[in-house]
1. Within the stretch 1-45, how many residues turn out to be in a helix (DSSP H, G or I), surrounded by 13 or more Cβ atoms within 10 Å (Cβ to Cβ) and touching a helix residue (DSSP H, G or I) at 6+ places or on another chain (Cβ under 9 Å)?
2. How about the stretch 91-113: which of its residues are outside any loop (DSSP other than H, G, I, E, B), of a type in the set (A, V, I, L, M, F, W, C) and open to solvent by 40 Å² or more (accessible area, probe 1.4 Å)?
3. Taking the stretch 46-60 on its own, how many of its residues are surrounded by fewer than 16 Cβ atoms within 10 Å (Cβ to Cβ) and in a loop (DSSP other than H, G, I, E, B)?
4. Six or more apart or on different chains, Cβ under 7 Å: which pairs go from a residue in the stretch 19-32 that's at negative phi to one that's in a loop (DSSP other than H, G, I, E, B)? Could you list them?
5. Could you check how many residues of the stretch 136-170 are under 16 Å from T4 (Cα atoms), of a type outside the set (S, T, Y) and in contact (Cβ under 8 Å) with a residue 60 or more places away in the chain?
6. Among the residues of the stretch 139-158 satisfying the criterion of being open to solvent by 80 Å² or more (accessible area, probe 1.4 Å) and outside any loop (DSSP other than H, G, I, E, B), which is farthest from I172 (Cα to Cα)?
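The values are calculated or read from the model by the stated rules, or taken from the named source; none is laboratory data. Note that the structure is predicted; figures quoted are calculated from it, not measured. For neighbour counting, all protein chains shown are included, and Cβ atoms are generated from backbone atoms with ideal geometry for every residue, glycine included. To get the accessible areas, we keep the full protein, side chains included, count just its heavy atoms, and leave off ligands, DNA and RNA. Shrake-Rupley method; radii C 1.70, N 1.55, O 1.52, S 1.80 Å.
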Amino acid sequence: MNQTNTKLLADILRNIASTPHIRPGEVPDIDLYMDQVTTFMDEHLGSTRRYQDDKILTKTMINNYTKKKLLPHPTKKRYSKEHLLLLIFIYYLKDFLPLTDIQTILAPITERFFEADDSITIESIYAEAYELSKEWVNNICRDITESWHTASNSFEDCPDEDRETLQIFSFICMLSFDIYIKKQVIEQMLDGLGTAEASAKNKPDPSDSSEKAPCS
């Protein structure tokens, strides 16, 4: 790979590693109206846009998430800190998963911990996920760099004028296959969890004594 493209990748990875995500302490403790929610998300996630016209969050999106039960209903049209944290999870997941899968992921969390008087809260779950992702981003950048070096050693016998294009294509294919495999793992994990949950619901209760004994 030529030095220009290698520097481009280094700049991209440096930017990704340093991109500030929403820290748990940045989410306001007061309830917000919908306009305030969209403004908050836009201010804190606007730098993740690919194009200037891309929407981070709109009123229609929020209503749709509520309708599809990804997000609990607001109280008197106001959204709590927990609502905002769930919206952040949705924002990252919706780039590669359909809303039905996101609902499957979030349902056990919202049903068990949303507004629950417990030691485990939506806020503590978000804080743990935030710390894990912050630690993991460096590993991801190292893996991407390794893929770049691997692709740089491909097509060595090709003409000089074609080699760079083919190597970049190989690099993109490697990253795409990585995404494909991880998405397959997520989907099959969700399908497996759904099957296990359905089996548990249909399993007879051994304490149920309603079955009549055969006539003597």
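1. So the answer is 14.
2. Passing the criteria: L99, I105, I109.
3. 8
4. From residues that are at negative phi, the pairs are D31/S80.
5. Qualifying residue count, the stretch 136-170: 5.
6. Filtering the stretch 139-158 for residues that are open to solvent by 80 Å² or more (accessible area, probe 1.4 Å) and outside any loop (DSSP other than H, G, I, E, B), the one farthest from I172 (Cα to Cα) comes out as R142.
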